[in-house]
Amino acid sequence: MKLSPALHPAQRVGAVLRRLRLMMAIVIISIMPIRSFKNTVRLSAVYATPGLIEGAAVLWWEVLELLVAKASFIKAPNGQEWRCATMFQKRATFHALMRYFTETLTELQQMPVLREMCDAQNMICGVAADRDVMNWKELRQIATDPLCTIGAHSVHHYNLKRLTPEMVSFEMRQSADMLEDKLGKRPHHFAYPYGSVRAAGDREASLAAQEGFVSAVTTRHGTIHAEHRAHMHILPRISINGRFQKLVYAKTMMSGATTPIANAGRRIIQA
């Protein structure tokens, strides 16, 4: 992994961590200017998390990256400690903290703990919203395009599998309510936050159907087939992330050739 020597040490750490961090289902459409979006995308579904736009939720994994890049020592409220002075330690600490936040802490504990950690480093617990998150005006502009469908992606981007059924239904329904209120049209499609088998399963698919969504997508690797008509609320998709930026990779994955490789020989990915 080569990094430009001209980068500030903190920037170099950030670049490394960005390449190493877990590729999650991102909440928002970010960074891409509207003009670039319209010139690039011909047919799309954009899944939005209104809690991020309203400031009720934070891209906590992005804040965690900034925290590790800045600090040389991090201590959790429970007393657990991580040293992150060197590049090696920062890599290890980031992955350890990701496990701590996604496995040890509950979804509702994540933000209070992160705020306390940021306070200890005199750091703002947030990212630049105008850079990383679209506002309502920008989302409305995209929503007017007849080739673009706006879908719901929960309010707070919680791992729904770790919530009670009542909380899951609220996250789904409230996100649709907020998008309908701001955009004038109720979303008919849903994307599960994170979207892995650890974040969405049969229960979540059933709840999405009960909330009236026509379809719901996971982040499980796979292409769509006729058989999925019976599984419209647990659909797979192809992830175009930092690992696969070349068109040849995208074409290969969209052909379905990689689906059996990634799923123990299965061509059809269902619940």
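Structural remarks
- Calculated P(r) of the stretch 96-199 - Cα pairs past 18 Å, %: 60 percent
- Counting only aspartates and glutamates at least 8 places from K182 when in the same chain, those with an alpha carbon closer than 14 Å to its own are E54, E138.
- Quick note on the stretch 217-271: its Rg to Rh ratio, both from C-alpha atoms and Rh being the Kirkwood radius, is 0.96.
- Amide hydrogen neighbours beyond the local backbone of S215, cut-off 5 Å, H modeled: F190
- Evaluated at q = 0.09, 0.10, 0.14 Å⁻¹: base-10 log I(q)/I(0), Debye formula over Cα of the stretch 122-271: -0.33, -0.41, -0.80
- What the phi angles of the stretch 160-169 give under the Karplus curve with 6.51, -1.76 and 1.60, with θ = phi - 60°, is a coupling list of 5, 5, 9, 9, 6, x, 5, 5, 4, 4 Hz, glycine and proline written as x.
- Of all aspartates and glutamates in the structure, the ones whose alpha carbon falls short of 12 Å from that of K75, not counting any fewer than 8 places away in one chain, are E116, D119.
- Dipole magnitude for the stretch 99-235: computed about the Cα centre from +1 point charges on Lys and Arg Cβ and -1 point charges on Asp and Glu Cβ, it is near 240 debye.
- Count Lys and Arg as plus one, Asp and Glu as minus one, and take only other residues whose Cβ is under 14 Å from that of H225; the net charge is then +4.
- Amide H contacts under 5 Å for I150, placed H, 5+ residues apart: V46
Read-outs: derived from the displayed coordinates by stated rules, not from any lab. This one's a predicted model, so the numbers in the text were calculated from it and none came from an experiment. As a convention, Cβ positions derive from the backbone with ideal geometry for all residues, glycine included, and neighbour counts pool all protein chains shown.
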